[in-house]
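J.: For reference, the structure I am asking about is given below.
The values are calculated or read from the model by the stated rules, or taken from the named source; none is laboratory data. Quick caveat, the model's predicted, so the values are computed rather than measured. Please note: Cβ atoms are built from the backbone with ideal geometry, for glycine as well, and neighbour counts cover all protein chains shown. Surface accessibility is based on the protein's heavy atoms, side chains included, excluding ligands, DNA and RNA. Shrake-Rupley method; radii C 1.70, N 1.55, O 1.52, S 1.80 Å.
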Amino acid sequence: MDLYSRQIVGWQVSDNMQESLVREPLVRALLKRRVKCGMVIHSDRGGQYLSGKMKKVVKTFKLRQSMSRADDPYDNAWAESFWSRLKAELAIPKGGYESIDKLKTILFEYIDGYYNTRRLHSSLNYLNPVAFEAEYYRQTG
């Protein structure tokens, strides 16, 4: 999530919790957004974020890594809010979805077809994330 616009810029789904689950979408997002040196990436304290491969990404892109304090959900409030909204707005079935492919389709439709492009955010002057960024670039152009 880009905290400026609240846009989800990278995500991935898997049936495991290997470090590639967080590293690969981060790299795609960094390449897509052409970030500047010193950008801060924030995460919880999961082992995936501490792996050698993740540290290499941080070093390669010249990022600053920030992690939540132990047992403090407020450090990552934006991500927690996103997950809360996603769960509420998708009305996820009790037993989950029948396959990972079905879940990927549902998440793609939600993230790229609704959340980033149509869902209005009060913190963004009631614009969606894509429109908020477009307005920023129009004004600073």
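J.: Go through (1) of a type in the set (S, T, N, Q); (2) open to solvent by 60 Å² or more (accessible area, probe 1.4 Å); (3) without any contact (Cβ under 8 Å) to a residue 60 or more places away in the chain and name the single condition S123 misses.
T.: Here S123 meets the rest and fails (3).
J.: State whether one or more residues within region 44-59 are in a helix (DSSP H, G or I), of a type outside the set (D, E) and farther than 22 Å from N16 by Cα.
T.: Yes: region 44-59 contains one or more residues that are in a helix (DSSP H, G or I), of a type outside the set (D, E) and farther than 22 Å from N16 by Cα.
J.: Next up: Failed condition for M17, given (1) loosely packed, with under 15 Cβ neighbours inside 10 Å; (2) over 23 Å from S123 (Cβ atoms); (3) free of Cβ contacts under 8 Å to residues at least 24 places away in the same chain, with all others met?
T.: (3)
J.: Can you tell me which of G96, G113, G52 is open to solvent by less than 70 Å² (accessible area, probe 1.4 Å) and on the phi > 0 side of the Ramachandran plot?
T.: Details: G113 fails: on the phi > 0 side of the Ramachandran plot; G52 fails: on the phi > 0 side of the Ramachandran plot.
Going through G96, G113, G52 in turn, the sole match is G96.
J.: Consider only pairs whose beta carbons are under 6 Å apart and that are at least six residues apart or on different chains; among these, list those whose first residue lies in region 30-52 and is farther than 20 Å from S5 by Cα and whose second residue is surrounded by 16 or more Cβ atoms within 10 Å (Cβ to Cβ) and among the aliphatic types (A, V, I, L, M).
T.: Q48/V22
J.: Residues in region 89-100: is at least one of a type outside the set (D, E, K, R), assigned to a helix (DSSP H, G or I) and closer than 17 Å to V9 by Cβ? Outline the logic, then answer.
T.: Residues of region 89-100 of a type outside the set (D, E, K, R): 90-93, 95-97, 99-100.
From what is left, the residues that are assigned to a helix (DSSP H, G or I) are 90, 100.
Then drop every residue that is not closer than 17 Å to V9 by Cβ, which leaves none.
No, every residue in region 89-100 fails to be of a type outside the set (D, E, K, R), assigned to a helix (DSSP H, G or I) and closer than 17 Å to V9 by Cβ.
J.: Among (1) in contact (Cβ under 8 Å) with a residue 40 or more places away in the chain; (2) among the charged types (D, E, K, R); (3) open to solvent by less than 70 Å² (accessible area, probe 1.4 Å), which single condition is K104 missing?
T.: (3)
J.: State whether the residues of region 70-77 include one that is under 15 Å from the mean Cα position of the chain (by Cα), free of Cβ contacts under 8 Å to residues at least 12 places away in the same chain, part of a helix (DSSP H, G or I) and under 22 Å from Q12 (Cα atoms).
T.: Yes: one or more hits.
J.: Considering only region 33-49, how many residues are surrounded by fewer than 11 Cβ atoms within 10 Å (Cβ to Cβ) and either modelled with pLDDT of 90 or more or β-branched (V, I, T) (or both)?
T.: 1
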